[in-house]
1. Which ones in segment 141-161 are buried (at least 24 other Cβ atoms within 10 Å of the Cβ) and either outside the structural domain of residue 221 (by TED's automatic domain parsing) or within 9 Å of the ligand (Cβ to nearest atom) (or both)?
2. So is residue 108 in the same structural domain as residue 185 (by TED's automatic domain parsing), more than 25 Å from residue 196 (Cβ to Cβ) and within 16 Å of the ligand (Cβ to nearest atom) or not?
Amino acid sequence: MAGLGMASVTVVATGDPGDAGDPGDPGDPGGLAAFATEQALTRVDDRAQVPAEHFALAIEAGCVALFPPAARPDLGSLPLIIDFTERAYARPLARKDTLARATGWKGGYRPPVVDLTAGLGRDAWALAGGGCRVTAVERHPVVHRLLADALARAAARPALASVAERITLLGGDVLSDRPPALPVSAETVWYLDPMFPLRKKSSLVKKPMRLFHHLVGDDTDATELFAWARRQAGARWVVKRPPDAPTIDEARPGVEYRSGRLRFDAYLPR
Ligand SMILES: C[S@@+](CC[C@H](N)C(=O)[O-])C[C@H]1O[C@@H](n2cnc3c(N)ncnc32)[C@H](O)[C@@H]1O
């Protein structure tokens, strides 16, 4: 993980971490007090107390929200919130969509997917919305907290609960000393969408995305992650890439799926 890292995040929380550190604890909205303790992050009561060069992780309108550092006006002032009730998430993924074809949907068949780079959960949500069971893994603790909060809010809404329930979110990194345990079978589709350097002039990239990129940095170990995934049992390995980028390693994908600004490289069992 590169970028500004955890040292630059201050948590704004007035709650009590409680004994269990349960994110659903009404005395600790969003589980932020517990999160600050667990991650050994500085915690303050008010956003005005956050150092200018720090991100602020706070509750905004009932959601866990990441505010850009005040010293970075180029990142804007709006917080990053993951919200699966937004219109962008409303259309279910169809079988003809590129992501569906790349992950091997056939007729009514929906493969189980392990998303090794969960991020903002957009792809995981799209796949689960179409019927896949998705295990989503995210190693950045702040991104994991934003996503866990969004999934908990979605699970509490009757219209979204069935999609949220198809997603199992895990924290951690399979390349670390303490890898999360994953469900693996011959049907598993491994999905990777690593963070690459911002391609467009940064002024053209939407500010919340720039903020996300500044928090997480580039995933410089993406090739290693792919090599790890390739050693696991599975039916397919799918890597999302910028349209004109080279493949993730020297191997040629079995099939390439393209549409507009998207490219998915799909690899089949060896
Ligand atoms: C480009 S984002 C993924 C976006 C995601 N596909 C979406 O639809 O929102 C990449 C994310 O993968 C995470 N990541 C990268 N390598 C990882 C690894 N080895 N284990 C867990 N998470 C990883 C990064 O922290 C980052 O949040």
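1. Of everything in segment 141-161, just one residue is buried (at least 24 other Cβ atoms within 10 Å of the Cβ) and either outside the structural domain of residue 221 (by TED's automatic domain parsing) or within 9 Å of the ligand (Cβ to nearest atom) (or both), namely 147.
2. Details: in the same structural domain as residue 185 (by TED's automatic domain parsing): yes; more than 25 Å from residue 196 (Cβ to Cβ): yes; within 16 Å of the ligand (Cβ to nearest atom): no.
So residue 108 fails the test.
Conditions tested, residue by residue: (1) away from the ligand (no atom under 13 Å from the Cβ); (2) modelled with pLDDT under 95; (3) out of contact with any helix residue (DSSP H, G or I) (no Cβ under 8 Å at 6 or more places or on another chain); (4) among the basic types (Lys, Arg).
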{"site": "183", "(1), (2), (3), (4)": "yes, no, yes, no"}
{"site": "193", "(1), (2), (3), (4)": "no, no, no, no"}
{"site": "202", "(1), (2), (3), (4)": "yes, yes, no, no"}
{"site": "217", "(1), (2), (3), (4)": "no, yes, yes, no"}
{"site": "223", "(1), (2), (3), (4)": "no, no, yes, no"}
{"site": "227", "(1), (2), (3), (4)": "no, no, yes, no"}
{"site": "252", "(1), (2), (3), (4)": "yes, no, yes, yes"}
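The values are calculated or read from the model by the stated rules, or taken from the named source; none is laboratory data. Everything numeric here is computed off the predicted structure, so don't read it as measured data. Here the Cβ is made from the backbone with ideal geometry for all residues, glycine too, and neighbour counts use every protein chain on show.
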